[in-house]
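The values are calculated or read from the model by the stated rules, or taken from the named source; none is laboratory data. It should be emphasised that the depicted structure is a prediction, and the values quoted were computed from it without experimental measurement. Methodologically, a virtual Cβ is constructed for each residue, glycine included, from the backbone with ideal geometry; neighbour enumeration extends over all protein chains shown.
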Amino acid sequence: MLIRYNKNHEKIAMGLLSFNPDEKDLQKLLQTINEYVSEQNRQLYLWKEEEGMIGVIGVKIGEIEIQLQHLSVNPSHRDKGFGKRMIKELLELYPDKKLTANETTETFVEKFDTEQTLQEENKKEHPLSVY
Ligand SMILES: CC(C)(COP(=O)(O)OP(=O)(O)OC[C@H]1O[C@@H](n2cnc3c(N)ncnc32)[C@H](O)[C@@H]1OP(=O)(O)O)[C@@H](O)C(=O)NCCC(=O)NCCS
C-alpha cells in the first residue's frame, strides 16, 4: 500500500530514491527530499509490504496532469509488478488527472500506458473474463 512520506521515512526514502538515475549523490538526494517536503505541488509516497518499505514514487501535481518524477523499487523486489501497482494506486488518489512523465520515467510510463490500454481493450472484447 502507498504511504504518504513523512520525516520518519527520510533514510529509507533516500535509500530508495538513490536507485533513480539522477539521484546518485547525497547533496542531490537531500535537495530532492527537501523539494518534496517544501513544495506544495510535489508529493512523495512509499510502498509498504509486510517486510517494510520497498518502493518510492514521487510526483509533481498539476491542474490536469500528474507528472511521474521518481519511481524505484528495491532490486530484490523488482519484476513482481510493484512498479505498476504503485502507479495504479497513485492514480486512484488523483482520478481526474492524466499521468505524464519526465525524461527518466518516460519509458516506464509508456510501458504502463500500453499495458493499461491492452487490458482495457481485452475487457471490452471479453467482458465476462476475470482479470
Ligand atoms: C523501473 C522500476 C521502478 C520498475 O519496478 P518493478 O517493480 O520491477 O516494475 P514491474 O514489476 O511493475 O514491471 C517490470 C517490467 O518493467 C520493465 N522495466 C523496468 N524498468 C524499465 C524502464 N526504465 N523502462 C521501461 N520498462 C522498464 C521490466 O523489464 C519489466 O518488463 P516485463 O513486464 O515486460 O518483463 C525498477 O526497475 C527500478 O526501481 N529501477 C531503478 C529506478 C529507475 O530507473 N527509475 C526510473 C524509471 S521509472
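Okay, residues lined up against (1) of a type outside the set (Gly, Ala, Ser); (2) under 15 Å from Ile3 (Cα atoms):
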{"residue": "Phe19", "(1), (2)": "yes, no"}
{"residue": "Tyr36", "(1), (2)": "yes, yes"}
{"residue": "Glu39", "(1), (2)": "yes, no"}
{"residue": "Lys60", "(1), (2)": "yes, no"}
{"residue": "Ile66", "(1), (2)": "yes, no"}
{"residue": "Ser72", "(1), (2)": "no, yes"}
{"residue": "Glu92", "(1), (2)": "yes, yes"}
{"residue": "Val109", "(1), (2)": "yes, no"}
{"residue": "His126", "(1), (2)": "yes, no"}
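Mind listing whichever residues of the range 65-82 are within 23 Å of Thr32 (Cα to Cα), more than 8 Å from the ligand (Cβ to nearest atom) and either out of contact with any Gly (no Cβ under 6 Å at 6 or more places or on another chain) or part of a helix (DSSP H, G or I) (or both)?
Answer for the range 65-82, where residues must be within 23 Å of Thr32 (Cα to Cα), more than 8 Å from the ligand (Cβ to nearest atom) and either out of contact with any Gly (no Cβ under 6 Å at 6 or more places or on another chain) or part of a helix (DSSP H, G or I) (or both): Glu65, Ile66, Gln67.
Inspect all residues belonging to the range 36-44 and state whether any of them is within 19 Å of Asn8 (Cβ to Cβ), aromatic (Phe, Trp, Tyr) and surrounded by 13 or more Cβ atoms within 10 Å (Cβ to Cβ). Let's see the steps before the verdict.
So in the range 36-44, the residues within 19 Å of Asn8 (Cβ to Cβ) come out as 36-38, 42-44.
From what's left, aromatic (Phe, Trp, Tyr): 36.
When the remaining residues are screened for being surrounded by 13 or more Cβ atoms within 10 Å (Cβ to Cβ), the result is 36.
Yes, the range 36-44 has at least one match.
Kindly list, by first and then second residue, each pair from a residue in the range 108-120 that is closer than 18 Å to Asp79 by Cβ and at pLDDT 95 or above to a residue that is small (Gly, Ala, Ser) and surrounded by 15 or more Cβ atoms within 10 Å (Cβ to Cβ), limited to pairs with Cβ atoms under 7 Å and residues at least 6 apart or on different chains.
Cβ pairs passing all conditions: Phe108/Gly83; Val109/Ala101.
Quick check on my filter: what residues within the range 23-44 are within 17 Å of the chain's Cα centre (by Cα) and either among the polar types (S, T, N, Q) or within 16 Å of Leu68 (Cβ to Cβ) (or both)?
Those that are within 17 Å of the chain's Cα centre (by Cα) and either among the polar types (S, T, N, Q) or within 16 Å of Leu68 (Cβ to Cβ) (or both): Glu23, Thr32, Glu35, Tyr36, Asn41, Arg42, Gln43, Leu44.
Consider Lys88 carefully, then state whether it is surrounded by 10 or more Cβ atoms within 10 Å (Cβ to Cβ), more than 12 Å from the chain's Cα centre (by Cα), without any contact (Cβ under 8 Å) to a residue 60 or more places away in the chain and closer than 18 Å to Gly55 by Cβ. Walk me through it before giving the result.
Details: surrounded by 10 or more Cβ atoms within 10 Å (Cβ to Cβ): yes; more than 12 Å from the chain's Cα centre (by Cα): no; without any contact (Cβ under 8 Å) to a residue 60 or more places away in the chain: yes; closer than 18 Å to Gly55 by Cβ: yes.
The answer is no for Lys88.
Of the numbered conditions (1) within 14 Å of the ligand (Cβ to nearest atom); (2) charged (D, E, K, R); (3) not in a loop (DSSP other than H, G, I, E, B), Lys24 fails exactly one; give the number of that condition.
The single condition Lys24 does not satisfy is (3).
What single numbered condition from (1) more than 12 Å from the chain's Cα centre (by Cα); (2) surrounded by 11 or more Cβ atoms within 10 Å (Cβ to Cβ) fails to hold for Val56?
Condition (1) is where Val56 drops out.
I need the full set of residues from the range 83-115 which are closer than 20 Å to Pro21 by Cα, part of a loop (DSSP other than H, G, I, E, B) and basic (Lys, Arg), in order please.
none
More than 10 Å from the ligand (Cβ to nearest atom), of a type in the set (A, V, I, L, M) and more than 23 Å from His9 (Cβ to Cβ) - does that describe any residue in the range 83-101?
Of all residues in the range 83-101, those more than 10 Å from the ligand (Cβ to nearest atom) come to 89-100.
Narrowing further to those that are of a type in the set (A, V, I, L, M): 90-91, 93, 99.
Remaining after also requiring more than 23 Å from His9 (Cβ to Cβ): 99.
The answer is yes, given that some residue of the range 83-101 is more than 10 Å from the ligand (Cβ to nearest atom), of a type in the set (A, V, I, L, M) and more than 23 Å from His9 (Cβ to Cβ).
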